[in-house]
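Working notes, beginning with the structure itself.
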Amino acid sequence: MIYVARKISKAKWELKPEFISELSKEAIPADAITADLRTQRNRLSLWKFEDESALEEVVLALATRMQRLDKIDIVWTEFELLISKGLKYEETEGETPVRNLKDRHIDLINLDVKRLEEIAIILADSIRNNKPPKVKRFAKNKVREILQQGLREERFSPDNLSENLRRDLRLG
């Protein structure tokens, strides 16, 4: 089975007590959509993988593009679920210095408000109810470990990391 994943900020998807009186329990806060489902050219970037054991590969692809070492929340769903909602996609080269992960990237394309709402509903249901798709937090130390393993295996050059990330990893 093929899954697709995206980095999110889990806290943005949870309804805070102060908003519950103003929003329904099913409401999706606008901050979650504007921050975590930010599109470019009506496209949404996702990473493909085949089983949960490969989720760390997604973290590696994302973490190598970070400005600073930090935790990462990842949400994922079955690729087929998105396609069944009529969403279209295009395989694109992922922005990561990890060469063997570049081809594990797709963009959902031709997005509009309704299609983005479909995606948001699927993700919100997962995040709040721990249903597939799923969400997982990788603590800062785990992200560090994943990056250091990638460096030991020479999967990317430290020169491809931001100066701050190199400093956080004590690479000079």
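The values are calculated or read from the model by the stated rules, or taken from the named source; none is laboratory data. Not measured: the values here are computed from a predicted model. Counting neighbours? That spans all protein chains shown, and the Cβs are built from the backbone with ideal geometry, glycine included.
Within segment 1-15, the set of residues being at pLDDT 85 or above and not in a strand (DSSP E or B) comprises Met1, Ile2, Ser9, Lys10, Ala11, Lys12, Trp13.
Test Arg65 against the stated conditions and say whether it is basic (Lys, Arg) and exposed (fewer than 13 other Cβ atoms within 10 Å of the Cβ). Criteria not met by Arg65. Here is the figure for segment 97-140: residues that are touching a residue at least 60 places away in the same chain (Cβ under 8 Å) and β-branched (Val, Ile, Thr) total 6.
Just to be sure before I move on: is Glu78 surrounded by fewer than 18 Cβ atoms within 10 Å (Cβ to Cβ), more than 23 Å from Arg41 (Cα to Cα) and at pLDDT 95 or above in the structure I sent? No; evaluated as a whole, the condition is false for this residue. For segment 64-95, residues that are of a type in the set (Ser, Thr, Tyr) and in contact with a strand residue (DSSP E or B) (Cβ under 8 Å, 6 or more places away or on another chain) total 3.
For segment 82-101, a residue qualifies if it is over 30 Å from Leu147 (Cα atoms) and either touching a Lys or Arg at 6+ places or on another chain (Cβ under 6 Å) or surrounded by 16 or more Cβ atoms within 10 Å (Cβ to Cβ) (or both), and exactly one does: Leu87.
Just one of the numbered conditions (1) surrounded by fewer than 18 Cβ atoms within 10 Å (Cβ to Cβ); (2) closer than 27 Å to Glu153 by Cβ; (3) modelled with pLDDT of 95 or more; (4) in contact with an Asp or Glu (Cβ under 8 Å, 6 or more places away or on another chain) is not true of Lys71: (4). Would segment 90-112 turn up any residue that is part of a helix (DSSP H, G or I), at pLDDT 95 or above, β-branched (Val, Ile, Thr) and out of contact with any Phe, Trp or Tyr (no Cβ under 6 Å at 6 or more places or on another chain)? Checked segment 90-112: no residue is part of a helix (DSSP H, G or I), at pLDDT 95 or above, β-branched (Val, Ile, Thr) and out of contact with any Phe, Trp or Tyr (no Cβ under 6 Å at 6 or more places or on another chain). Considering (1) part of a loop (DSSP other than H, G, I, E, B); (2) surrounded by 14 or more Cβ atoms within 10 Å (Cβ to Cβ); (3) touching a residue at least 24 places away in the same chain (Cβ under 8 Å), the lone condition that Ile146 does not fulfil carries the number (1). The condition (being at pLDDT below 95 and assigned to a helix (DSSP H, G or I)) is satisfied by just one residue among Glu18, Glu22: Glu18.
Of all residues in segment 39-59, those being in a loop (DSSP other than H, G, I, E, B), at pLDDT 95 or above and of a type outside the set (Val, Ile, Thr) number 2. Residues in segment 126-141 include at least one that is under 16 Å from the mean Cα position of the chain (by Cα), surrounded by fewer than 16 Cβ atoms within 10 Å (Cβ to Cβ) and farther than 28 Å from Thr39 by Cβ. Tallying residues that are farther than 23 Å from Glu14 by Cα and not aliphatic (A, V, I, L, M) within segment 119-162 yields 17.
Filtering segment 102-117 to residues that are more than 15 Å from Thr64 (Cα to Cα) and surrounded by fewer than 17 Cβ atoms within 10 Å (Cβ to Cβ) leaves Asp103, Ile109, Asn110, Asp112, Val113, Lys114, Glu117. Closer than 17 Å to Lys7 by Cβ, among the hydrophobic types (A, V, I, L, M, F, W, C) and not in a loop (DSSP other than H, G, I, E, B) - does that describe any residue in segment 153-164? The answer is no; no qualifying residue exists.
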